[in-house]
Amino acid sequence: MLLLAACSDSNDNGGTTGASGGTGGAEAELTVSAASSLTEAFGEIGEAFEAASPGTTMTFNFGPSDGLAGQINEGAPVDVFASASPTWMDSVQDEGPGVTDRADFAQNRLAIIVPADNLAGIENLDDLTEDHVQLVLAAEGVPAGDYAREIFQNAGISTAALANVVSNEEDVKAVITKVMSGEADAGIGYITDVTLDVAEQVTLIPIPEEVNVIATYPIAVVNGSQEADLAQGFVEYVLGDGQQTLAEYGFLPPP
Amino acid sequence: MATDSRRSPSTASSPLRRGRIPAGFVVLAALGVALVALPLLGLVLRTPWSRIADVLTSETALAALRLSLIVATTAAAISFVLGFPLAWVLVRSTFPGKTLVRAIVVLPLVMPPVVAGVGLLAAFGRRSGLIGSWLYEWFGIQLTFTTAAAVLAATFVSFPLTVLALEAGLRGLDERLEDAAATLGASRWYVLRRVTVPLLGPQIAAALVLSWARALGEFGATITFAGNLQGRTQTLPLAVFEQLQTDTDAAFAVSMLLIFLAFAVILGLRGRFLR
Amino acid sequence: MTLAVDVTARRGAFEVRAAFEAEAGRTVALLGPNGSGKSTLVSTIAGLVPPVEGTIALDDAVLDDPANDVHVQPERRPIGVVFQDLLLFPHLSAIENAAFPLRARGVPKPEARQRASELLARLGLANRAGAHPRDLSGGEAQRVALARALIVEPALLLLDEPLSALDVGARMRVRELIRDELAGFPGVRIIVTHDPVEASILAERLVLLEDGRVSQTGTPEEIRAAPRSRYAADLVGMNAFRGILEPLEVGAGLLVTDEGDIVAPWPDGFEGGEAIGLLRPSDVTLSLDLPDGSARNVVQGRVTSISVEGDRARVRIASAPPLVAEVTLASVERLGLRDGVVTWASFKAVEVEILPA
């Protein structure tokens with residue numbers, strides 16, 4: 001997680017509407033803070049955007065949405081923010097520099113993630129309440145962590161399941177890592193987290209729709225961005241051409 | 001001791017010496033102090049002093065404090081129990097491969113803590129760990145996600161400091177004093193207890209303080225190997241990190257607590273450093 | 001009780017070979033220049049450096065016998081050692097230092113302190129018992145070290161250069177103290193020193209150590225009467241010349257040295273080669289004019305120093321070879337001898353004693 005120098009720019013650029021898509025020729029750098037669950041998808045989208053807008057360099061900060069919001073509110077020079085939950089976009093909007101062109105660009109679902117050999121024999125949510133199950137969640141405040149706790153509440157297994165939590169990770173990727181290594185018996189992550197890279201080391205166990213949570217992902221231009229036009233262009237790209245990439249990685253379309 | 005007159009204890013530098021510090025040195029020294037003092041000053045100013053009582057008596061803070069004290073103290077103790085004999089062997093004996101052993105022992109100092117955490121997993125993880133998998137399969141013992149893991153991580157990073165400080169102390173010891181004690185009838189154990197260790201007092205204190213402070217501040221290896229759970233593995237640095245995401249004010253408050261702790265120990269043991 | 005030492009000891013590249021005995025009641029001084037191996041011998045007798053070969057035994061108790069794998073650890077030897085640098089424990093007070101050997105043997109603290117306190121008082125340190133070594137004067141520290149060595153009433157007492165670190169005033173006082181303590185000490189006593197005066201005053205027997213070998217043993221008087229080495233001769237103030245003795249004529253030879261040649265008698269059975277010539281200063285005659293007597297050795301040189309001892313004077317002359325002459329004060333006056341004055345010196349060949357080197 002990149003902690004950028006806190007140089008607060010109190011330029012309140014009210015939203016500018018400029019040309020959409022690529023700006024031609026000029027050298028520009030765009031900084032995007034995005035939830036860690038977007039790592040692979042945005043990586044690809046970023047490359048495509050760079051190709052479509054010559055002279056643009058994309059820099060991504062991936063991390064837990066709460067931490068990213070916190071950095072933006074402290075003055076980190078970020079141009080675009082993509083969060084895994086509306087909560088943290090609200091935070092930037094209300095307690096931070098404010099946002100423009102906010103739009104929901106994807107949805108996601110959560111699932112139980114277990115190591116490929118699943119030695120603990122987890123098959124469903126109830127199994128997570130068994131004694132001696134070592135469960136790993138993202139920390140409270142991290143969207144994946146909050147969603148997981150919401151799911152437990154929906155299923156009425158909060159007490160027992162939370163008692164099995166052995167570690168609260170800083171973001172959902174760390175949850176996947178702990179499960180991958182086999183040190184944890186199970187974790188709650190996004191269905192999109194089972195990427196090609198990890199598919200052989202983990203197994204995905206779906207969560208019943210009745211208790212599952214739909215994660216809504218908003219994206220917006222952060223006020224004060226020095227590349228407001230380019231930023232808006234990126235947002236539009238994500239909402240347009242980027243949708244196919246997101247779908248390929250398992251994201252659901254926005255509501 | 002060549003004269004019959006009483007020797008006076010060392011005095012402050014003579015007036016002639018005092019005026020002789022080059023101006024450039026003073027400037028550089030001041031910059032050095034500023035480098036360390038400014039972040040501290042920033043922390044002090046940003047801390048929400050009105051909220052601090054609430055934050056520090058919260059369950060999270062208290063649990064982290066308690067855990068940090070236990071982990072750091074245990075780590076320092078283990079480092080000492082293992083480090084003293086090792087320092088002794090390194091200073092007072094020769095064996096093939098001694099240079100290599102010394103290099104290995106000092107390695108955790110220069111290792112990025114997360115790498116140390118990954119290494120600990122590779123050794124003690126229950127699934128793929130060299131020793132850890134054996135422990136788990138045969139005895140059902142799992143180290144990851146336990147307080148013991150936090151202690152292990154803290155010990156790993158603080159061990160080299162203990163060994164280095166004790167080595168320096170042993171090297172500076174006049175072995176002839178131990179010889180003299182032997183001729184006066186002291187067994188090897190008695191010499192160790194009554195001559196060597198007392199004479200090493202300041203160096204032992206330094207070793208303990210340094211390793212305790214390093215153990216207190218350990219983060220990367222802990223979060224990678226032990227995980228992060230309040231009351232079990234969430235030491236003060238991990239608590240600060242987690243709160244930094246959501247409640248920055250609280251993070252500052254807990255950071256101040258860490259700093260007070262460190263200051264207290266360093267200043268409290270200051271008397272021991274100067275004999 | 002007798003300590004019998006017959007060892008070869010090695011420290012680094014340096015080897016010492018020594019055989020001598022020390023009886024209880026007669027202090028022995030190991031006397032030799034720095035580098036002669038005295039400290040190595042002390043360490044060996046103390047048990048810190050096992051000998052390479054040989055034996056060390058105190059009456060029937062064998063302390064060292066490497067051939068039979070015998071080596072008694074220092075802490076088990078009935079010894080008390082006062083080291084050259086004293087090696088007082090800096091973190092302990094005077095009384096704690098003195099009590100250390102008792103405490104190390106398990107004597108309860110109150111009793112140990114009591115005995116230490118008495119001993120320190122006897123050595124005149126009653127009011128310094130609580131002081132730490134860094135606050136003690138040289139002489140006081142020496143006495144604490146002595147107390148520490150004496151307190152267990154060891155069978156063997158070893159003093160390594162006990163006075164060398166003291167200034168003149170302290171040296172005399174402490175020397176008297178040591179002499180008194182030694183006189184009352186019932187065990188074997190060995191002093192190691194480079195100072196012949198110290199050795200003569202404190203010891204009844206001298207063992208001369210040179211270059212890792214014992215060159216002579218005897219009482220101070222015996223050695224003074226018949227020194228058998230250059231070192232011994234230097235010690236007792238004799239002239240000593242080292243060179244190669246070449247045949248000169250029947251019964252006489254020429255001792256060729258770097259600084260000059262002298263005529264000396266040819267010893268029976270001597271085959272020639274390296275030799276030491278000894279000449280008593282009192283056998284040297286000084287005169288202002290060229291002497292024309294039967295003396296075969298006649299040299300001339302400037303007076304470089306005159307030191308008065310009682311009613312005699314020792315006159316150093318920068319001749320070839322350089323000489324020390326001992327004459328009466330009256331002669332000094334009569335001859336008008338002063339620094340810088342040129343004088344003739346002569347001595348008979350037969351007055352030179354030749355020792356094979």
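The values are calculated or read from the model by the stated rules, or taken from the named source; none is laboratory data. Note that the structure is predicted; figures quoted are calculated from it, not measured. All Cβ positions, even for glycine, are placed from backbone atoms using ideal geometry, and neighbour counts span all protein chains on display.
Structural remarks
- Residue match in the stretch A:98-106 (condition: surrounded by 19 or more Cβ atoms within 10 Å (Cβ to Cβ) and out of contact with any helix residue (DSSP H, G or I) (no Cβ under 7 Å at 6 or more places or on another chain)): yes
- Restricting the stretch C:69-89 to residues that are in a loop (DSSP other than H, G, I, E, B) and hydrophobic (A, V, I, L, M, F, W, C), the residue that is nearest to the other protein chains (Cβ to nearest Cβ): C:LEU87
- In this structure, B:LEU69 does satisfy being out of contact with any Cys (no Cβ under 9 Å at 6 or more places or on another chain), under 22 Å from B:ALA154 (Cβ atoms) and either part of a helix (DSSP H, G or I) or not acidic (Asp, Glu) (or both).
- Considering only residues in the stretch A:129-154 that are in contact (Cβ under 8 Å) with a residue 60 or more places away in the chain and in a helix (DSSP H, G or I), the one that is surrounded by the most Cβ atoms within 10 Å (Cβ to Cβ) turns out to be A:ALA144.
- Within the set C:VAL144, C:VAL152, the sole residue that is at pLDDT 90 or above and within 12 Å of C:ASN97 (Cα to Cα) turns out to be C:VAL144.
- Members of the stretch C:1-36 found to be in contact with a Leu (Cβ under 6 Å, 6 or more places away or on another chain), among the small types (Gly, Ala, Ser) and part of a loop (DSSP other than H, G, I, E, B), listed by number: C:GLY32, C:SER36
- Filtered by the rule that a residue be out of contact with any Phe, Trp or Tyr (no Cβ under 7 Å at 6 or more places or on another chain) and more than 14 Å from chain B (Cβ to nearest Cβ), the stretch A:151-175 gives A:ILE151, A:PHE152, A:GLN153, A:ASN154, A:ALA155, A:GLY156, A:ILE157, A:THR159, A:ALA160.
- Conditions (1) within 30 Å of C:ILE151 (Cα to Cα); (2) among the hydroxyl-bearing types (Ser, Thr, Tyr); (3) at pLDDT 85 or above: number failed by C:SER200: (3)
- Hey, A:LEU230 touching a strand residue (DSSP E or B) at 6+ places or on another chain (Cβ under 7 Å), in contact (Cβ under 8 Å) with a residue 60 or more places away in the chain, outside any strand (DSSP E or B) and farther than 10 Å from A:ASP79 by Cα or not: no
- From A:TYR190, A:TYR217, A:TYR237, residue being of a type in the set (Phe, Trp, Tyr), at pLDDT 90 or above and surrounded by fewer than 24 Cβ atoms within 10 Å (Cβ to Cβ): A:TYR237
- Residue within the stretch B:206-223 that is surrounded by fewer than 24 Cβ atoms within 10 Å (Cβ to Cβ), within 14 Å of chain A (Cβ to nearest Cβ) and modelled with pLDDT of 90 or more present: yes
- Lone unmet requirement of (1) buried (at least 17 other Cβ atoms within 10 Å of the Cβ); (2) under 16 Å from the mean Cα position of the chain (by Cα); (3) of a type outside the set (Gly, Ala, Ser); (4) more than 20 Å from C:GLU204 (Cα to Cα) for C:ASN34: (1)
- Hits in the stretch B:150-204 (condition: outside any helix (DSSP H, G or I) and more than 8 Å from chain C (Cβ to nearest Cβ)): B:GLY172, B:LEU173, B:LEU200
Each row is one residue, and each column tells you yes or no for (1) free of Cβ contacts under 8 Å to residues at least 60 places away in the same chain; (2) facing chain B (nearest Cβ under 7 Å); (3) touching a helix residue (DSSP H, G or I) at 6+ places or on another chain (Cβ under 8 Å); (4) assigned to a strand (DSSP E or B).
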{"residue": "C:ASP64", "(1), (2), (3), (4)": "yes, no, yes, yes"}
{"residue": "C:ALA67", "(1), (2), (3), (4)": "yes, no, no, no"}
{"residue": "C:HIS91", "(1), (2), (3), (4)": "yes, yes, yes, no"}
{"residue": "C:GLY106", "(1), (2), (3), (4)": "yes, no, no, no"}
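- If you go through the stretch B:137-148 and keep only what is closer than 23 Å to B:VAL71 by Cα and either part of a helix (DSSP H, G or I) or more than 11 Å from chain A (Cβ to nearest Cβ) (or both), you end up with B:ILE141, B:THR147, B:ALA148.
- The listed residues are C:PRO227, C:PRO321, and the only one of them that is crowded, with 17+ Cβ neighbours inside 10 Å, in contact with a helix residue (DSSP H, G or I) (Cβ under 9 Å, 6 or more places away or on another chain) and assigned to a loop (DSSP other than H, G, I, E, B) turns out to be C:PRO227.
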